[in-house]
Amino acid sequence: MKKYIMALDQGTTSSRCVIYDSKGNSVAFAQKEFKQIFPESGWVEHDPMDIWNSQLQVAKEAMEKGGLKAENIDSIGITNQRETTIVWDKTTGIPVYNAIVWQCRRTSEYCEMLKSKDLEKSWKKKTGLPIDPYFSATKLEWILTNVPEAREKAKEGRLLFGTVDSWLLWNLTGGKVHATDVSNASRTMMYNIEELRWDEDMLDTLGIPKIMLPQVMDSSYIYGTTEEGLFDGPIKIGGIAGDQQAALFGQTCFEEGMAKNTFGTGGFLLINTGSRIVRSTSGMINTIGWKIGEEIKYAIEGSAFVSGASLQWLRDGLKIIDSAPESEELCNSVEDTGGVYLVPAFTGLGAPYWDPYARGLISGLTRGTGIAHVVRAAVESMAYQTWDLIDAAEKDMAHFGRQASEEDISLLPSERPLRVDGGATMNDFLLQFQADILGREVIRPKVIETTSLGAAYLAGLATGYWKDKEEIKQVWQADRVFRPNMDISVRNVKLKGWHEAVERALSGGALKSSD
Ligand code: ADP
C-alpha cells in the first residue's frame with residue numbers, strides 16, 4: 001500500500017494541510033482561514049479552539065480529497081506560527097484565555113521593566129533573543145497575572161502552557177502528550193539554547209511555574225499517535241518545527257553556511273550556523289534550527305517586517321495595481337526605476353537598522369516617474385532588504401570566524417547560493433534582481449511550500465519513511481536557478497542609492513523635525 005506524509009501547517013491567518021508522497025510531490029491540499037481578534041490597539045488574539053478545529057478540519061478534508069485513509073498516512077509533521085501563547089486546563093482541555101499572537105504588543109511596558117533591571121544581556125546570552133513582546137515568555141506572564149486564579153492553578157499543576165505546536169499535539173493525542181520541539185522552545189524566551197533546558201532563573205523572575213511547561217524533544221521524533229476516533233485509525237506524529245525553521249529544513253539547508261529567505265508578507269532570512277551560536281552585533285537573532293538525535297543545528301535569523309506587503313499597499317492603499325502578480329509585468333516594462341527608491345519602513349525598520357520610529361518613503365521622484373517605476377522600486381526593495389540581512393549576518397559570521405580557531409573559518413562568508421520560498425518567489429523579475437544585487441545564485445525550488453515540506457521531512461525521517469537526510473536531498477528539487485548578471489559597478493551604485501534612501505527614512509530625518 002502506498003503511504004504518504006501529512007504536514008499540518010498552522011499559520012497566523014489560516015490552517016493548512018498538505019499531503020506529500022515519497023518524492024515530495026503534494027498530492028492533496030486544504031486550507032481554512034480563521035478569525036483574527038483585535039481587542040485593543042496593538043493587541044492580537046486567536047481563539048485556540050478555532051486553531052484546533054480549523055486544523056483538524058483541513059486534515060480531514062485533505063485526506064478526503066486525496067481519497068486516503070489513516071492507514072495510508074505514514075505520519076504527521078507539525079509546523080506552526082511561532083511564539084503564539086496558549087494556556088489551557090489540564091483536565092478539561094479548555095483554554096483559560098485566547099491565544100496571544102506573536103504580533104501582539106500588549107507586554108511592551110513589562111518588557112521595558114525587565115530591560116530596566118539590566119536583564120537583557122544575560123537573557124540574550126541564554127536565549128539568543130532580545131527582550132521583546134514578540135516572544136512567548138511575557139505573554140504567558142500576562143495570562144498568569146491577568147486571568148483570575150491562573151497563577152495559583154498553574155502552581156498546583158492544573159494548567160498547561162504551550163506554543164501552537166504543543167496545543168495541536170496535546171489535542172491530537174487526546175491530552176496524552178504535552179511536549180514541544182527545540183525550535184519552538186527557542187522562541188519562548190524561557191529556554192536556554194546553549195544548555196537545552198528551561199531556565200529556572202528566568203522562570204523565577206517571570207513567576208512562571210515550571211510544572212506548566214511542555215517537555216522539550218527533538219524536532220524529528222515520534223511524539224505519540226492520534227487519539228482514537230479522530231481519524232479512521234491511529235496516525236503517528238513524527239515531527240515538529242516552527243515555521244521558519246521548518247522552511248530552512250524544507251529547503252534542505254542541512255549544512256552550515258546554507259541560507260534561505262522567505263518572501264511572504266514579511267521577509268525571513270535564516271542561515272544555518274551548524275553546532276555554533278554565532279552571536280550578533282547587528283541585531284540578528286540566534287535560534288535553534290532543529291535537533292535530530294545528537295545533532296543540533298543553530299541558525300542566525302533576521303527579518304524584514306514588510307516584504308511582499310509593500311505590494312499589498314500599492315494595491316490596497318495607493319490602488320495603483322490590481323494584484324501583486326501584476327507587478328512583474330510592470331517591472332519588466334521599464335529599464336530601471338529611474339532613480340526611484342521605496343523604503344517600506346511602514347512599521348519601523350528591523351535588522352540591521354532597528355529603528356521603530358523610521359517611516360516609509362519614496363525618493364527620487366521626477367516628472368518622468370510613472371507607476372511602473374514606483375512598483376519596480378517596491379519589488380527591488382524586497383531584494384535590497386535581503387542584501388542588508390545577509391550582509392549583517394555575514395559580518396557577524398566573519399567576526400565569529402576571526403575570533404574562533406582556524407577550523408571555524410568554514411563559517412566565513414562564501415558565495416553560496418540563496419534558496420528562496422514564499423508567495424512572492426513566483427516573481428521571476430524579483431529573483432533575477434535578487435541574484436544581481438547579491439552577486440550570487442538564487443535558487444527557487446519546485447515546491448515553494450517549503451514550510452510544510454520541512455515538517456513532512458522531519459516526520460518521515462523519524463519513522464524511516466525517508467532513510468536519512470541524503471535521501472531527502474535527492475527528493476528536494478530546484479525549479480530554476482537565477483544567476484547574477486549585473487556589473488559590479490552598477491550593483492554598487494544601486495546599493496549606495498538604497499542606503500541613502502534608508503538613511504533618510506530613519507527617525508533622524510522626518511520624525512524628529514516634526515516633534
Ligand atoms: P504569508 O505566508 O506571509 O501570508 P505568502 O507566502 O502567501 O505570505 O506571500 C504573500 C505575499 O507575496 C503578499 O504580500 C503578496 O503581495 C506577495 N506576492 C504574491 N505574488 C507576488 C508576485 N507575483 N510578485 C511579488 N509579490 C507577490
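The values are calculated or read from the model by the stated rules, or taken from the named source; none is laboratory data. Quick caveat, the model's predicted, so the values are computed rather than measured. Please note: Cβ atoms are built from the backbone with ideal geometry, for glycine as well, and neighbour counts cover all protein chains shown.
Need the failing condition index for V420 against (1) in a strand (DSSP E or B); (2) away from the ligand (no atom under 16 Å from the Cβ), just the number.
Failing condition for V420: (2).
Suppose we keep only residues that are within 12 Å of the ligand (Cβ to nearest atom) and assigned to a loop (DSSP other than H, G, I, E, B) within region 323-349. Which one would you say is nearest to the chain's Cα centre (by Cα)?
My answer is P344.
Would you pick out the residues in region 282-305 that are within 23 Å of Q103 (Cα to Cα), modelled with pLDDT of 90 or more and not in a strand (DSSP E or B)?
Result: M284, single match.
Is at least one residue of region 106-129 under 18 Å from the mean Cα position of the chain (by Cα) and either assigned to a loop (DSSP other than H, G, I, E, B) or within 22 Å of L453 (Cβ to Cβ) (or both)?
So far as region 106-129 goes, yes, one or more of its residues are under 18 Å from the mean Cα position of the chain (by Cα) and either assigned to a loop (DSSP other than H, G, I, E, B) or within 22 Å of L453 (Cβ to Cβ) (or both).
What number goes with the only condition from (1) on the phi < 0 side of the Ramachandran plot; (2) in contact with a strand residue (DSSP E or B) (Cβ under 8 Å, 6 or more places away or on another chain); (3) not in a helix (DSSP H, G or I) that E228 does not pass?
Every listed condition holds for E228 apart from (2).
Keeping to region 304-326, report how many residues are more than 26 Å from G283 (Cβ to Cβ) and among the polar types (S, T, N, Q).
The number of residues fulfilling the criteria is 1.
If you check T79, T92, which single one turns out to be among the polar types (S, T, N, Q), modelled with pLDDT of 95 or more and surrounded by fewer than 19 Cβ atoms within 10 Å (Cβ to Cβ)?
Just one listed residue meets the conditions, T92.
Residues in region 16-53 that are within 22 Å of the chain's Cα centre (by Cα) and within 30 Å of Q474 (Cβ to Cβ): how many?
The number of residues fulfilling the criteria is 10.
Can you confirm whether region 16-31 contains a residue that is away from the ligand (no atom under 16 Å from the Cβ), part of a strand (DSSP E or B) and among the aromatic types (F, W, Y)?
Yes: one or more hits.
Within region 465-515, which helices (runs of 4 or more DSSP H) (wholly inside it) include 2 or more residues that are modelled with pLDDT of 90 or more and within 30 Å of G350 (Cα to Cα)?
Passing ranges, in order: 488-505.
Give the residue that is surrounded by the fewest Cβ atoms within 10 Å (Cβ to Cβ), with candidates limited to residues of region 295-316 that are of a type in the set (A, V, I, L, M, F, W, C) and within 11 Å of the ligand (Cβ to nearest atom).
W313
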